[in-house]
Amino acid sequence: MGKNIEKNKMNIGTLIGEYGAFIALVLLVVVISCVSPEFRTGSNFLNLLRQASFNGLIAFGMTCVILSDGIDLSVGSTFALSAIICAELMIHGTPAAVAILVALLAGTALGMISGVLVTKGRLQPFIATLITMTAYRGLALIITDGKPVSRLAASVKSASGAFLFKVLGKGNFVFGPNDAISVPIPAIILVVLLLVFYFVLHHTTFGRRIYATGSNEKCAKLVGVNTTKIKIAVYSISGFMSALAGLIMISRVDSAQPTLGEGYELDAIAAVALGGTSMSGGRGKIVGTLAGVLIIAVLNNGLNILGVSTYYQEVIKAVVILVAVLSDRKR
Amino acid sequence: MNIEMKGINKSFGSNQVLKDAGFLLKDGEVHALMGENGAGKSTLMKILTGVYKKDSGTIKIDGKEVHFKSPQEAEKAGIVFIYQELNVLFDLTVEENLFMGKEITKHFGICDKKAMRAKAKEVMDKMGVEIPVDAVMSDLSVGQQQMVEICKALMVDAKVLIMDEPTAALTERETESLFEVMKALRKKGVSIVYISHRMEEIFELCDRITILRDGSYIGTEKISDIDMDGVVRMMIGREIGERFPKRESKIGDVVLKVDGLTKDKLFHDVSFEVRAGEVLGVAGLMGAGRTEIMRSIFGCIPKDHGSIYIDGEKVRIKSPEQAIKAGIGFITEDRKTEGLLLEKSIADNIEIANLKSVSKKGVLSKKKEKDLVNKEIEEFKIKCFGAWHECNNLSGGNQQKVVLAKWIATNPKILILDEPTRGVDIGAKKEIYNVINQMASMGVAVIMVSSELPEVLGMSDRIMVVREGEVRGILDGKEADQEKIMTLATGGTL
């Protein structure tokens with residue numbers, strides 16, 4: 001009996017702890033919906049999901065890195081450099097599918113370099129990715145000579161290639177009677193990847209090894225986990241996700257600027273922290289990160305609709321993050 | 001200083017850890033506090049020094065009731081607690097550690113380095129230790145770090161010293177000099193509360209002994225009125241039988257052969273064999289290089305020369321990953337920093353070493369996971385609320401059982417145990433001995449590194465003695481005794 005009581009108690013505690021970010025999200029949505037009729041429309045929610053997808057994809061990769069007791073500051077620069085690579089290839093006549101593939105591989109490789117610096121180079125993750133962040137931004141500026149690369153879709157010769165490129169950021173999945181419901185493709189990509197990350201982190205040996213590496217690297221090594229491989233892998237994943245987000249962005253705006261994604265690393269880290277993942281690794285959940293991403297998106301979107309000045313928006317965001325993280329710490 | 005603790009109750013959540021516990025300390029005595037892990041010794045002392053708040057009960061010092069709200073208040077009253085887990089700042093120097101928070105200053109808060117050095121030197125001389133005061137803590141051995149901690153306590157004029165397992169990481173010589181200091185302090189009227197699992201030390205050093213069991217006060221005896229069996233009976237409330245369970249050794253072929261293993265500055269030309277079903281004890285002083293040899297075999301320390309053969313075949317082991325593939329299991333001496341994912345569950349800890357067997361092509365099978373973990377929890381009698389129980393909240397003995405369980409589930413051919421019973425109580429110790437015996441009788445080659453000589457003598461078929469990185473001799477278990485081992489370990493010849 002005693003044991004059962006103990007277990008139930010703990011479950012209620014962990015329930016609140018685990019879904020704290022979701023509770024905050026729901027509260028936020030309800031409050032803003034009450035004040036603003038514009039906010040609570042279906043089309044605005046879908047739009048919000050599209051806006052959330054960039055940060056969401058990056059934050060998923062960031063979650064893996066932070067779970068392994070690392071940090072990736074280079075995501076914003078990787079986002080830009082991969083996008084620039086894709087754009088340059090396309091305006092020089094490379095088929096869209098090839099350009100997209102190359103950009104995704106490039107993003108993965110850029111992440112891998114951070115991972116190698118952290119493991120083989122024995123640099124602290126903060127320093128290693130500060131270096132790659134600076135270097136990649138510089139490369140993006142050098143390649144473009146600091147100028148935007150625009151009119152991307154028009155430069156693609158084949159109709160199918162142009163469609164593929166456009167659908168990534170602008171497309172909608174339309175269904176229902178009279179095509180009443182249309183869900184943005186980026187939102188669908190976000191949900192699919194959420195499922196993939198959930199599966200990998202909680203149902204595969206690879207996921208376990210990420211948690212073990214972040215929880216106690218020495219111990220993980222001694223039970224045969226190749227922590228070097230794991231770390232290189234999580235930075236590569238982070239690079240891939242940043243590149244994917246970058247491609248969606250340039251598809252949406254039809255041009256690529258070398259300054260894309262500046263400051264995105266901070267939004268991604270904030271989302272991970274909001275979602276309850278421990279900054280020292282080993283603890284956290286991908287669904288928490290999703291909640292964190294949505295909280296930030298709802299704040300951005302809602303405060304804009306309410307006409308709050310952007311200066312105040314920053315302060316309000318800071319307060320929300322502070323409150324969320326503090327309430328998380330108490331448990 | 002007389003301390004009287006009476007009717008102390010304390011609960012953490014729904015878990016009552018102290019029930020009507022008590023303790024009486026007299027002026028100038030060394031008083032042993034004993035009990036199994038989880039009996040409440042440390043908790044009781046933490047309540048005395050204001051780390052925890054008691055739920056009820058009284059604490060009187062020299063007849064006056066006191067309520068310390070923090071360890072600092074207790075320290076002002078002259079009560080100093082030296083914790084089992086070292087409380088040092090690893091990046092700072094010895095001197096900075098000694099004077100942290102109580103620096104000697106000249107005007108305007110400028111540190112008086114000269115005065116601090118002189119004082120530090122004085123205290124260390126009194127202790128008979130030689131540690132340079134400007135050495136960085138992380139460069140010192142664990143034993144040296146412990147000595148610095150003790151010096152720190154001696155710098156405030158303590159009237160009562162509480163020591164929680166102070167000798168667990170000390171060398172023989174350091175232990176001796178610590179005992180000298182303790183005896184000198186006793187003469188000056190300082191009272192010492194001594195928490196330890198080492199019976200021999202308690203009978204050598206202490207005047208009286210108080211025993212706790214399951215959070216309750218069991219009794220206080222003069223050390224001259226009681227023997228080891230009596231103490232054990234009071235601690236566990238029943239007869240435990242023999243300290244070291246017997247085993248029928250069925251010794252088979254050579255499984256592990258180490259030939260000329262050398263690593264510059266750590267160990268030199270180490271050769272030995274272990275057979276199936278055999279327990280090889282490895283004895284030596286702290287810092288003799290035993291742990292380093294084992295870590296090298298397991299692929300953590302790259303060797304300079306030498307070869308390792310398993311089942312007669314030469315193997316190349318460059319990482320723990322390869323060692324595990326070759327059939328070696330390694331239980332490290334430091335279970336908190338290396339043995340366990342402390343903040344993770346029992347299930348996570350057991351599975352992480354056995355991911356292959358609970359998954360198919362990298363995808364985990366919930367059923368296999370559950371089966372494996374439940375089997376191990378049952379087999380090792382791990383006391384917990386369930387497989388999800390966080391390892392942080394387990395007692396030392398149960399933590400060690402989790403470590404054993406995770407390795408034994410990998411079905412190793414060779415099992416290396418480095419100090420497997422450190423900080424583990426008598427009941428759990430015996431269970432660990434039983435596991436070792438069971439492994440040996442299943443034909444596993446077992447290597448047990450231990451600094452507790454009775455344990456080495458009681459458990460081993462053969463005993464290898466290491467001194468300064470060299471094998472000084474391998475004794476037959478039946479012929480070995482403490483004297484022979486110590487002679488070899490300190491550089492003598494038989």
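The values are calculated or read from the model by the stated rules, or taken from the named source; none is laboratory data. This is a predicted model, so every value here is computed, not measured. FYI the Cβ positions are ideal-geometry reconstructions off the backbone, even for glycines, and counts take in every protein chain you see.
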Checklist line | Residue list for the stretch B:146-175, restricted to those being under 17 Å from B:LEU98 (Cα atoms), surrounded by fewer than 21 Cβ atoms within 10 Å (Cβ to Cβ) and not hydrophobic (A, V, I, L, M, F, W, C) | finding: B:GLU149, B:ASP157
Notebook entry, point to check: If we only count strands (runs of 3 or more DSSP E) wholly inside the stretch B:27-123, which ones have 1 or more residues that are in contact (Cβ under 8 Å) with a residue 60 or more places away in the chain and in contact with a Phe, Trp or Tyr (Cβ under 6 Å, 6 or more places away or on another chain)?
Noted result: B:30-34
Next item on the list: Say whether the condition of being in contact with a strand residue (DSSP E or B) (Cβ under 9 Å, 6 or more places away or on another chain), in contact (Cβ under 8 Å) with a residue 60 or more places away in the chain and exposed (fewer than 15 other Cβ atoms within 10 Å of the Cβ) is met by at least one residue in the stretch A:150-158.
Entry: yes
Checklist line | Subset of the stretch B:348-369 (residues that are assigned to a helix (DSSP H, G or I) and closer than 16 Å to A:THR204 by Cβ) | finding: B:ASP348, B:GLU351, B:ILE352, B:LEU355, B:LYS356, B:SER357, B:VAL358, B:LYS366, B:LYS367, B:LYS368, B:GLU369
Item checked: Members of the stretch B:436-468 found to be part of a loop (DSSP other than H, G, I, E, B), out of contact with any Leu (no Cβ under 6 Å at 6 or more places or on another chain) and within 24 Å of B:SER296 (Cβ to Cβ), listed by number -> B:SER450, B:SER451, B:GLU452, B:SER460, B:ASP461, B:GLU468
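To keep it simple, each residue is scored yes or no on (1) touching a Leu at 6+ places or on another chain (Cβ under 7 Å); (2) of a type in the set (A, V, I, L, M, F, W, C).
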residue: B:PRO132; (1), (2): no, no
residue: B:GLN144; (1), (2): no, no
residue: B:LEU178; (1), (2): yes, yes
residue: B:VAL181; (1), (2): no, yes
residue: B:SER196; (1), (2): no, no
residue: B:GLU204; (1), (2): no, no
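So that you can scan it fast, the table gives a plain yes or no per residue for (1) in contact with a strand residue (DSSP E or B) (Cβ under 7 Å, 6 or more places away or on another chain); (2) over 22 Å from B:MET199 (Cα atoms):
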| position | (1), (2) |
| --- | --- |
| B:LYS430 | no, no |
| B:GLN438 | no, yes |
| B:SER441 | no, yes |
| B:SER451 | no, no |
| B:MET459 | yes, no |
| B:VAL466 | yes, yes |
| B:VAL471 | yes, yes |
| B:ASP476 | yes, yes |
| B:GLN482 | no, no |
Next item on the list: Considering only the stretch B:321-335, state which residues are touching a strand residue (DSSP E or B) at 6+ places or on another chain (Cβ under 7 Å) and within 7 Å of chain A (Cβ to nearest Cβ).
Entry: B:PHE330, B:THR332
Checklist line | Of all residues making up the stretch A:121-153, the number that are of a type in the set (Gly, Ala, Ser) and modelled with pLDDT of 95 or more | finding: 5
Checklist line | Residue tally, condition surrounded by 20 or more Cβ atoms within 10 Å (Cβ to Cβ) and either within 13 Å of the chain's Cα centre (by Cα) or in a helix (DSSP H, G or I) (or both), over the stretch B:381-414 | finding: 14
Check: Considering only residues of the stretch B:432-486 that are within 30 Å of B:ILE382 (Cα to Cα) and touching a Ser or Thr at 6+ places or on another chain (Cβ under 6 Å), which is modelled with the highest pLDDT?
Finding: B:ASP461
Margin query: From the list A:LEU164, A:LEU117, A:LEU130, A:LEU139, exactly one residue is part of a helix (DSSP H, G or I) and touching a residue at least 60 places away in the same chain (Cβ under 8 Å). Which is it?
Written below: A:LEU164
Next item on the list: Search the stretch B:337-374 for residues being touching a residue at least 12 places away in the same chain (Cβ under 8 Å) and of a type in the set (D, E, K, R), and hand back the single one that is surrounded by the most Cβ atoms within 10 Å (Cβ to Cβ).
Entry: B:GLU351
Note to self: Exactly one condition in (1) among the aliphatic types (A, V, I, L, M); (2) part of a helix (DSSP H, G or I); (3) within 7 Å of chain A (Cβ to nearest Cβ) is false for B:LEU372; which is it?
What the structure shows: (3)
Note to self: Need the failing condition index for B:GLU4 against (1) over 21 Å from B:MET155 (Cα atoms); (2) crowded, with 21+ Cβ neighbours inside 10 Å, just the number.
What the structure shows: (2)
Checklist line | Filter result for A:SER114 (within 21 Å of the chain's Cα centre (by Cα), surrounded by 24 or more Cβ atoms within 10 Å (Cβ to Cβ) and closer than 17 Å to A:PRO148 by Cα) | finding: no
Next item on the list: Quick one: which residue in B:GLU351, B:GLU338 is within 13 Å of chain A (Cβ to nearest Cβ), within 30 Å of B:GLY473 (Cβ to Cβ) and charged (D, E, K, R)?
Entry: B:GLU338
Notebook entry, point to check: In the stretch B:168-192, how many are within 16 Å of B:GLN144 (Cα to Cα) and at pLDDT 80 or above?
Noted result: 5
Notebook entry, point to check: How many residues does the stretch B:279-331 contain that are assigned to a strand (DSSP E or B), touching a Pro at 6+ places or on another chain (Cβ under 9 Å) and either surrounded by fewer than 16 Cβ atoms within 10 Å (Cβ to Cβ) or polar (S, T, N, Q) (or both)?
Noted result: 0
Notebook entry, point to check: Within the stretch B:415-430, is even one residue surrounded by fewer than 21 Cβ atoms within 10 Å (Cβ to Cβ), more than 14 Å from chain A (Cβ to nearest Cβ), on the phi < 0 side of the Ramachandran plot and polar (S, T, N, Q)?
Noted result: no
Checklist line | Residues of the stretch A:214-260 classified as in a loop (DSSP other than H, G, I, E, B) and either more than 14 Å from chain B (Cβ to nearest Cβ) or among the polar types (S, T, N, Q) (or both), total | finding: 7
Notebook entry, point to check: For residues in the stretch B:124-143 being without any contact (Cβ under 8 Å) to a residue 24 or more places away in the chain and part of a helix (DSSP H, G or I), which is farthest from B:PHE81 (Cα to Cα)?
Noted result: B:ASP139
Notebook entry, point to check: Residue check, A:GLY169 against (1) within 14 Å of another protein chain (Cβ to nearest Cβ); (2) of a type outside the set (Lys, Arg); (3) assigned to a helix (DSSP H, G or I), all met but one. Which one?
Noted result: (1)
Item checked: Residues of the stretch B:81-131 classified as under 29 Å from the mean Cα position of the chain (by Cα), surrounded by fewer than 14 Cβ atoms within 10 Å (Cβ to Cβ) and over 16 Å from B:VAL156 (Cβ atoms), total -> 7
Next item on the list: Just give me the residues in the stretch B:159-195 being closer than 23 Å to B:THR93 by Cβ and among the aliphatic types (A, V, I, L, M), in sequence order.
Entry: B:ALA169, B:LEU170, B:LEU178, B:VAL181
